[in-house]
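A short worksheet on the structure shown next.
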Amino acid sequence: MKLKAICENHLYSKAYSKGKRAVTSALAVYVLPDYAAKKLAKAHPQGRITNRIGLTTSTKLGGATVRSRCRRILREGFYAIERKKPLKQGYLIVIAARSAAVKLKSTDIERELDTAFSKLGMYE
């Protein structure tokens, strides 16, 4: 299933400033309860509450192709985590790539996300 993206800049800022944070060598994960989740559930085809995901890659990582590849790998790692273990729903999740993430593969990113989500208590 396709991810529901965070589209507004103020939600990224709120997640950075008020959200819980877990930092690994390649990622920084910010989690904040989504107060609009119930309203957005009405627009969902099954009426379910879902998480909204935001992926950030800085220009410090490299050029556009490097950043796009990094985002694709982050997305695939997140899909793998969701397939294995169910996450708590109704949250804003912002995943920020750090410089070590450029050299990693999706299985390594999956491992990093797993440790970050365990630190944050995001598993049901």
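Some values worked out for this structure:
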{"quantity": "Tally of residues being part of a loop (DSSP other than H, G, I, E, B) and surrounded by 18 or more Cβ atoms within 10 Å (Cβ to Cβ) across segment 2-18", "calculated": "1"}
{"quantity": "Helices (runs of 4 or more DSSP H) wholly inside segment 31-124 containing at least 2 residues that are more than 14 Å from ILE6 (Cα to Cα) and small (Gly, Ala, Ser)", "calculated": "64-84, 106-120"}
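Residue by residue, here is whether (1) over 15 Å from ALA22 (Cβ atoms); (2) loosely packed, with under 14 Cβ neighbours inside 10 Å holds:
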{"position": "LYS38", "(1), (2)": "yes, yes"}
{"position": "PRO45", "(1), (2)": "yes, yes"}
{"position": "ILE49", "(1), (2)": "yes, no"}
{"position": "SER58", "(1), (2)": "yes, yes"}
{"position": "SER68", "(1), (2)": "yes, yes"}
{"position": "LEU74", "(1), (2)": "no, no"}
{"position": "GLY77", "(1), (2)": "no, no"}
{"position": "LEU104", "(1), (2)": "yes, no"}
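Each value in this text was obtained by applying a stated rule to the coordinates, not by laboratory testing. What you see is a predicted model; the values in this text were computed from it and never measured. So basically every Cβ, Gly included, is an ideal-geometry build from the backbone, and we count neighbours across all protein chains shown.
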